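Enquirer: One structure, as structure tokens, below. Some questions next.
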Amino acid sequence: MFTKNLRYFRKSNNYSMDKLCKIYNERYNGRMNKSTLSRYENGIQEPMFTVVKNLAEIFGISADELMDDKTYEPYVPVNERVPYSEPSNIAAVIPNSKIYQIPVFESVSAGFGAYASDCVIDMLPMVIENTYDVPDTIAIKVTGDSMYPKIEDGDIIVVRKQESVDSGDVAVLLLDGDEGLVKKVTYGETWIELHSFNPEYKTRRFDDEEVLRLRVVGKVLKVVKSL
């Protein structure tokens, strides 16, 4: 199918998303960006046939090959390939019906629609017991070291969208409607404190009316560590 084939041929040609967009725009005087290419690869947006034809030309294949129902094996660089091992029996433990692909957003603000960039950079397989939680579960790539060592730069956090959390929870918040934050939250009668795990960062306290500058948008459920 097109989405997987596009990803396969991009990676087999050693093109990053940014590099492929640059080649496309220079060759065809286009306006493709990383966000659009990500939506193509994740099946969120369908490209026009002209775009498919142009991408195929860049890869040196026909448009039919790029659109073929045949799904090419995911491309793995030679230096990352591992010797053959016995197939995993994880399916015997976890039913496929409980495994869902959730979107990975490039930032907190993108994941919660604080501004126009809603770039999905990847999809993450996740076991979710309750199907009702699926639409409200997303993943976000973290930048910065304020939550080090529990959450490091480049890690991915899995978040359930919700408008409140308990005191002591690690939450995702928006400050002034656009600045995305991941912090441990504690409450008082008239104040909220945002705590970083990294001791080099001071606790941020919001008193009285300042509390209204904050909006809880999700609870961090787990951390997927980068390699």
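Enquirer: Just the residues that are closer than 24 Å to I102 by Cα and over 23 Å from the mean Cα position of the chain (by Cα), please, taken from the range 11-43.
Expert: Of everything in the range 11-43, nothing turns out to be closer than 24 Å to I102 by Cα and over 23 Å from the mean Cα position of the chain (by Cα).
Enquirer: Residues to consider are L194, L221, L212; find the one that is aliphatic (A, V, I, L, M) and over 19 Å from D166 (Cβ atoms). Working first, answer last.
Expert: On the way: L194 fails: over 19 Å from D166 (Cβ atoms); L221 fails: over 19 Å from D166 (Cβ atoms).
Just a single option satisfies the conditions, and that option is L212.
Enquirer: Hey, among the residues in the range 45-60 that are exposed (fewer than 15 other Cβ atoms within 10 Å of the Cβ) and assigned to a loop (DSSP other than H, G, I, E, B), which one's modelled with the highest pLDDT?
Expert: G60
Enquirer: Considering only residues of the range 28-42 that are in a helix (DSSP H, G or I) and free of Cβ contacts under 8 Å to residues at least 40 places away in the same chain, which is surrounded by the fewest Cβ atoms within 10 Å (Cβ to Cβ)?
Expert: Step one: filter the range 28-42 for residues in a helix (DSSP H, G or I), giving 28, 34-41.
Then keep just the ones that are free of Cβ contacts under 8 Å to residues at least 40 places away in the same chain; that gives 28, 36-37, 40-41.
Numbers: Y28: 16, T36: 18, L37: 24, Y40: 20, E41: 22.
Filtering the range 28-42 for residues that are in a helix (DSSP H, G or I) and free of Cβ contacts under 8 Å to residues at least 40 places away in the same chain, the one surrounded by the fewest Cβ atoms within 10 Å (Cβ to Cβ) comes out as Y28.
Enquirer: Does the range 62-84 include one or more residues that are modelled with pLDDT under 60, acidic (D, E) and farther than 30 Å from G218 by Cα?
Expert: Within the range 62-84 (the criterion being modelled with pLDDT under 60, acidic (D, E) and farther than 30 Å from G218 by Cα), the answer is yes, since at least one residue qualifies.
Enquirer: Continuing with this model, one more query. Mind checking which residues of the range 197-223 are loosely packed, with under 12 Cβ neighbours inside 10 Å and among the aliphatic types (A, V, I, L, M)? Don't jump to the end; show me each part of the working.
Expert: Step one: of the range 197-223, the residues loosely packed, with under 12 Cβ neighbours inside 10 Å are 199-200, 202-203, 207-209, 212, 222.
Selection gives L212 alone.
Enquirer: Tell me whether the range 174-196 contains one or more residues that are open to solvent by less than 60 Å² (accessible area, probe 1.4 Å) and in a helix (DSSP H, G or I).
Expert: Within the range 174-196, not a single residue is open to solvent by less than 60 Å² (accessible area, probe 1.4 Å) and in a helix (DSSP H, G or I).
Enquirer: Ok, one more. Could you tell me whether E200 is among the acidic types (D, E) and at pLDDT 90 or above?
Expert: Answer is yes for this residue.
Enquirer: Return yes when V134 is modelled with pLDDT of 90 or more and either under 18 Å from the mean Cα position of the chain (by Cα) or surrounded by 12 or more Cβ atoms within 10 Å (Cβ to Cβ) (or both) and no when it is not. Break it down into steps so the answer makes sense when it comes.
Expert: Numbers: modelled with pLDDT of 90 or more: no; either under 18 Å from the mean Cα position of the chain (by Cα) or surrounded by 12 or more Cβ atoms within 10 Å (Cβ to Cβ) (or both): yes.
Considered against the rule, which asks whether it is modelled with pLDDT of 90 or more and either under 18 Å from the mean Cα position of the chain (by Cα) or surrounded by 12 or more Cβ atoms within 10 Å (Cβ to Cβ) (or both), V134 comes out as no.
Enquirer: A further question follows. Keeping to the range 158-173, report how many residues are out of contact with any helix residue (DSSP H, G or I) (no Cβ under 9 Å at 6 or more places or on another chain) and open to solvent by less than 10 Å² (accessible area, probe 1.4 Å). Before you say what the answer is, go through the steps one by one.
Expert: So the first thing to find is which residues in the range 158-173 are out of contact with any helix residue (DSSP H, G or I) (no Cβ under 9 Å at 6 or more places or on another chain), and the list is 158, 163-171.
Keeping just the survivors that are open to solvent by less than 10 Å² (accessible area, probe 1.4 Å) gives 158, 171.
Number satisfying all stated conditions: 2.
The values are calculated or read from the model by the stated rules, or taken from the named source; none is laboratory data. Since the structure is predicted, the reported quantities are computational estimates derived from the model, not experimental observations. Here the Cβ is made from the backbone with ideal geometry for all residues, glycine too, and neighbour counts use every protein chain on show. When the accessible area is computed, the model is the full protein with side chains, heavy atoms only, and any ligands, DNA or RNA have been set aside. Shrake-Rupley method; radii C 1.70, N 1.55, O 1.52, S 1.80 Å.
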